[in-house]
Each structure stands twice: as C-alpha cells, then as structure tokens.
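What follows is a short report on a single structure.
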Amino acid sequence: MFIQTEDTPNPETLKFMPGENVLKKGTVDFSNKEQSKVSPLAFRLFDVDGVSRVFLGSDFISVTKDSSLDWNTLKPSILTGIMEHYSSGFPVLNDDALNNSETNNEEDTETIKQIKDLLETRVRPAVAMDGGDITFCSFEEGVVTLQMQGACAGCPSSTATLKMGIENMLRHYIPEVTEVKAAEL
C-alpha cells in the first residue's frame, strides 16, 4: 500500500491518502481517544504519542499533532498505523450511523436549505481538498454558525476562510445572511 501525504493550510495537520475509500459517506471528526472507540482506524492512530485529532473523510485521513512535536518524528508511526489498519481487515467505523449529513429535513426553512446546498456544493469540496470539513450548525437572526472539522479546526487561516470566503459567498446568494461565525467548542 502506498499512502500519499499532503500538507494542509494548518501546519499542525497532515492529510494522508491511502489510495482507497476511507468512508462511504459523510465525515467523522475525533478530538480524543475516548471518542475514537467507534473507529478501529482512529483508535489505532491515537496510540501514536502526539496525535491530538483524527478526521476521516471520503478518501483521506487528516491527522493533527501536538504543536510541540515534529512531523518528521510522527509521520512514520502514523503511516505504519494506517497500513496496519488496512492490513487487519477491520472496518474504519464500527457504526456507520456516526457519519454526519448535511441533508435537508422537513423543518428547514427555505433559507436554511439554500445555505446547506451552497455549503454542500461549493464549500465542502474545497475544504475537503485541504483535509477538513465544515458543517452547518444553525441560522438565527441572520447569523450562520458553522462547525470547523479536521484540518480546519484550529487552523490559522480558518477565520479568513469563514469571513472572506464563506460569509461573502453566502451573503451574495442569500441576502438574509448577515454574518458567518464558527461554533464554539
């Protein structure tokens, strides 16, 4: 197995691409080992000292490290963990119900449906290329709240992405939107 790696805009996060599907649909973000018990892959990666976050996408795994450690030290252990996981035959997730979904539901207003559609078609593919994801949380009194995940969580450029990119686009297409902000963790 050959696993490619890519830098992300977040210097603490690397994107690992194993050359095969990671998740069939959705994404899953783990910020600690306890949460990762539902994913044999993420659980294994948290065994590497210095791994602080694991994000699973459709065809990639984003791993965030402690800022005090160096990628040259961690990368070989992470690559080994990914290879061992795929050799083991274990599933990536024990329960597919954890995959989040931006699908519309019956209670969504027309404005929320438009916001979710723009996020799904224009924003999420772009941030996935950088090893992250952005999901819709709420829309109240003109303010859209989004959850930053994977490489986007804690990324120095995420504020600029939210304000200059996503906020400007949503305000252009949806006049009811006055502001975009990140969800408080």
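The values are calculated or read from the model by the stated rules, or taken from the named source; none is laboratory data. On a predicted model such as this, the values are computed, not experimentally measured, just so you know. Note that each Cβ is placed from the backbone with ideal geometry, even for glycine, and that neighbours are counted across all protein chains shown. Ligands, DNA and RNA are stripped out before the accessible areas are found, and what is left, the full protein with its side chains, is counted by its heavy atoms. Shrake-Rupley method; radii C 1.70, N 1.55, O 1.52, S 1.80 Å.
Applying 1/(1 + (r/R0)^6) with R0 = 41 Å to the Cβ-Cβ distance of residue 183 and residue 73, what FRET efficiency is obtained, to the nearest 0.05?
Numbers: r = 32 Å, r/R0 = 0.78.
Efficiency at R0 = 41 Å is approximately 0.80.
Add +1 for every Lys or Arg and -1 for every Asp or Glu among the other residues with Cβ under 14 Å from the Cβ of residue 85, and state the total.
-2
Of the solvent-accessible surface of the chain, computed with a 1.4 Å probe over protein heavy atoms with every protein chain present, carbon and sulfur atoms account for 49 percent.
Considering only Cα-Cα distances, which of the following residue pairs are longer than 21 Å: 33/181; 37/65; 33/116? Result: 33/181; 33/116 exceed 21 Å. Of all DSSP beta bridges confined to the chain, the antiparallel ones make up roughly 85%.
Rolling a 1.4 angstrom probe over the protein heavy atoms, how many square angstrom per residue are accessible across the range 1-141?
Numbers: 7460 Å² over 141 residues.
Dividing the accessible area of the range 1-141 by its residue count gives 53 Å².
Measuring with a 1.4 angstrom probe and ignoring ligands and nucleic acids, residue 75 comes out at about 70 Å² accessible.
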